[in-house]
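Student: Here's a structure for you.
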Amino acid sequence: MSAIYTLGIDVGSTASKCIMLKDGQEIVAKSLIDVGAGTSGPQRAIDAVLENAGMKKEDVAFTLATGYGRNSLMNFADKQMSELSCHARGAYFLFPDVHTVIDIGGQDAKAIQLDAKGNIQKFVMNDKCAAGTGRFLDVMANILEVKVSDLAELGAK
């Protein structure tokens, strides 16, 4: 039996992420491009994954798009799915005992509660401003002249 390859792409507001799976289980290739919706980022993320896997679009059985800019790939992806659903499925796939997923994106932040089977029970997200999101953290790190990855340690002090 021949392997089945699938492609997932998350077109965020500030970054484009792409992953290829073999038979829905094995990660074959992945990419992260630091620009998102409305840029060349999504196509660059797709191109990088295909190149890293040594494959062409025609070799891919199914493509799913998610994220802020998922609708920009309507002519490319076979299906679009909400970020919340993708977060739940991805977290459960990687960590079957997961109960909470927190996503700090470029423009919003989400907290998702999952049941024992990985189904969404409830979620909350900010709706007033971008404080606490990835963009805010980037700006604050630049002002403080530190790396974003250092903010947690500095905040604990």
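Student: Taking THR6 as meeting all but one of (1) over 27 Å from GLY134 (Cα atoms); (2) out of contact with any Gly (no Cβ under 8 Å at 6 or more places or on another chain), write down the number of the exception.
Tutor: Result: THR6 fails condition (2) only.
Student: Hand me the list of strands (runs of 3 or more DSSP E) wholly inside the range 1-119 holding 3 or more residues that are open to solvent by less than 60 Å² (accessible area, probe 1.4 Å) and touching a strand residue (DSSP E or B) at 6+ places or on another chain (Cβ under 8 Å).
Tutor: So the answer is 5-11, 16-22, 26-33, 62-66, 109-114.
Student: Go through (1) closer than 19 Å to SER13 by Cβ; (2) at pLDDT below 90; (3) assigned to a loop (DSSP other than H, G, I, E, B) and name the single condition ALA141 misses.
Tutor: Against the list (1) closer than 19 Å to SER13 by Cβ; (2) at pLDDT below 90; (3) assigned to a loop (DSSP other than H, G, I, E, B), ALA141 comes up short only on (3).
Student: Considering ILE46, ILE120, ILE33, which residue is modelled with pLDDT of 90 or more and more than 15 Å from the chain's Cα centre (by Cα)?
Tutor: On inspection, the qualifying residue turns out to be ILE120.
Student: Return only the number of the condition from (1) under 20 Å from GLY69 (Cα atoms); (2) surrounded by 16 or more Cβ atoms within 10 Å (Cβ to Cβ) that MET125 does not satisfy.
Tutor: (2)
Student: How do the pairs read when you match residues in the range 143-157 that are on the phi < 0 side of the Ramachandran plot with residues anywhere that are surrounded by 11 or more Cβ atoms within 10 Å (Cβ to Cβ) and among the charged types (D, E, K, R), using Cβ under 8 Å and keeping only pairs 6 or more apart or on different chains?
Tutor: Filtered contacts from the range 143-157: VAL148/ASP138.
Student: Same structure again: Checking the conditions here, which among MET1, MET74, MET55, MET20 is over 27 Å from PHE95 (Cβ atoms) and touching a residue at least 24 places away in the same chain (Cβ under 8 Å)?
Tutor: Only one candidate passes the filter, namely MET55.
Student: Considering the range 103-116 alone, what residues qualify as being among the hydrophobic types (A, V, I, L, M, F, W, C) and modelled with pLDDT under 90?
Tutor: ILE104, ALA109
Student: Another question about this same structure. Look at VAL148 and say whether it is closer than 22 Å to THR14 by Cα, at pLDDT below 90 and of a type in the set (Val, Ile, Thr).
Tutor: Taking the combined requirement at face value, the residue satisfies it.
The values are calculated or read from the model by the stated rules, or taken from the named source; none is laboratory data. Please read these numbers as outputs of a predicted model, since none were measured by experiment. Neighbour counts run over all protein chains shown; Cβ positions are idealised from the backbone, glycine included. Side chains included, ligands, DNA and RNA excluded: accessible areas come from the protein's heavy atoms. Shrake-Rupley method; radii C 1.70, N 1.55, O 1.52, S 1.80 Å.
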